[in-house]
Amino acid sequence: MTSINSSRQTRPTGRRRALAGTMTATLLATTLVLTGCGAAGAPTDAATSGSATAVSSPAGNSGTSATSGPSASSAADASADEEPALDLPDPASIEGPSSAETVAEIQPIGNPQAPELPVTVTDHDGQDVTIESTDRILALDLYGTFSDIVTGLGLGDRLVGRTSSDTSSAMAELPLVTSGGHDLNAEAILSLRPTVVLADTTLGPPEVYDQLRSAGITLVMFDPDRSLETNEDMMARIAQALGVPAAGEALIERYDAEMETAQARIDALVPDDEADLVSAAILYVRGTAGIFFVMGSDSGGDVVESVGALNSAEQAGITGTKPANAEALAALNPDVILVMADGLESTGGLAGLLERPGVAQTAAGQKQRVVDVPDGQLMSYGPQTPQALVALAEAVYNPEGAQ
């Protein structure tokens with residue numbers, strides 16, 4: 001019997017830019033209860049909370065959307081150490097909003113492994129779970145990361161349902177098992193007759209998981225806490241639970257190569273002089289009511305740092321999730337505000353965000369330096385992290401695609 005919470009040693013994930021320091025910040029089980037663009041829902045702090053795809057450099061991009069995505073060559077063949085010099089704008093001179101482009105959909109590894117079953121694991125809840133079949137897989141988490149991992153492992157054709165966070169074209173026709181935005185529907189799940197359900201507590205309510213267990217469904221719960229440091233371990237745990245550990249290693253090796261390529265691109269974008277770096281903060285906004293939070297240094301701060309920005313939340317001593325009132329925003333005073341794209345739209349776009357108390361008075365507000373990122377991309381981690389980081393770095397430091 002193996003514990004999926006200690007399935008492998010955390011491996012290096014490629015070079016980290018020295019200015020960012022050691023990235024040990026953890027996503028603080030931020031359960032963002034998204035309930036549609038205009039509906040209620042807020043983040044809460046929980047106690048626990050085939051071809052390879054290479055990261056490509058943007059070329060000839062117009063407008064304000066940053067670019068990343070797949071190239072014809074594999075990540076293993078891509079040069080992670082050579083990036084052409086870029087004609088970049090002075091970060092202090094950049095004004096106006098920009099968007100991080102949606103990354104390309106994940107591709108499965110080249111030689112998928114046939115599941116070796118049965119396998120018994122101890123899940124995050126301490127339950128000993130035996131997985132006997134992976135013929136019908138259901139992957140449930142807030143960001144759609146689990147389904148990306150399943151697809152990357154070469155088992156995407158076994159997925160039988162989706163959540164509202166699963167937006168890939170391959171899953172578009174699968175039945176939806178969430179309602180009212182991101183609430184799980186037990187009846188919808190049971191009707192799909194899954195042979196194994198992979199889940200964490202970022203989706204709920206918890207009673208749904210009790211119903212699944214009572215119905216005899218094989219349920220494997222995973223740690224909801226996420227960070228760059230634990231990213232590879234999450235992939236390995238899911239691979240282990242599905243009986244494809246070798247596929248997990250292959251996916252991680254590809255991820256490592258892509259992280260090397262991504263780091264080289266980010267290094268080319270980020271100013272060498274620390275005095276030229278911008279500070280950034282992640283704000284969670286939903287609707288036009290009071291749903292407005294600052295994501296602290298341990299809630300996505302490693303993402304901010306990994307794209308070469310200074311972590312405003314860390315500088316202000318903010319951890320967890322805090323109400324984004326005028327006082328908190330004054331303490332943050334970021335040069336750049338990062339938000340989820342659907343959240344920005346739900347609050348009335350840039351104009352609506354600037355009307356929130358304290359936003360317009362920040363350095364970012366005065367220059368309208370707001371970067372929107374696809375909802376499932378900003379803090380989802382998973383195998384698409386390299387592409388997501390490049391897209392974000394482009395939007396922060398090279399929004400016009402200057403070469």
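The values are calculated or read from the model by the stated rules, or taken from the named source; none is laboratory data. All values derive from a computational prediction rather than experimental measurement. Don't worry about glycine lacking a Cβ; one is built from the backbone with ideal geometry, like all the others, and counts go over all protein chains shown.
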* Looking at this structure, is residue 243 assigned to a loop (DSSP other than H, G, I, E, B) and out of contact with any Asp or Glu (no Cβ under 6 Å at 6 or more places or on another chain)? -> no
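With the requirement that a residue be in a strand (DSSP E or B) and of a type in the set (D, E, K, R), what does the range 155-181 give you? Spell out how you get there, then give the answer.
Within the range 155-181, the first condition is being in a strand (DSSP E or B), and the residues that meet it are 159, 162, 176, 178-179.
162, the sole residue that qualifies.
Considering the range 164-207 alone, what residues qualify as being of a type in the set (A, V, I, L, M, F, W, C) and farther than 21 Å from residue 376 by Cβ? Give the derivation first.
Residues of the range 164-207 that are of a type in the set (A, V, I, L, M, F, W, C), as a first pass: 170-172, 174, 176-177, 184, 186, 188-190, 192, 196-199, 203.
Passing the criteria: 186, 190, 192, 196.
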* Provide a single number: the residues in the range 77-99 that are surrounded by 12 or more Cβ atoms within 10 Å (Cβ to Cβ), modelled with pLDDT under 85 and either within 23 Å of residue 278 (Cβ to Cβ) or among the polar types (S, T, N, Q) (or both). => 2
* To do: For the range 182-231, name all the residues that are under 21 Å from residue 242 (Cα atoms) and in a helix (DSSP H, G or I).
  => 189, 190, 209, 212, 213, 231
* Asked: Does residue 257 satisfy the criteria of being over 19 Å from the mean Cα position of the chain (by Cα) and not basic (Lys, Arg)?
  -> no
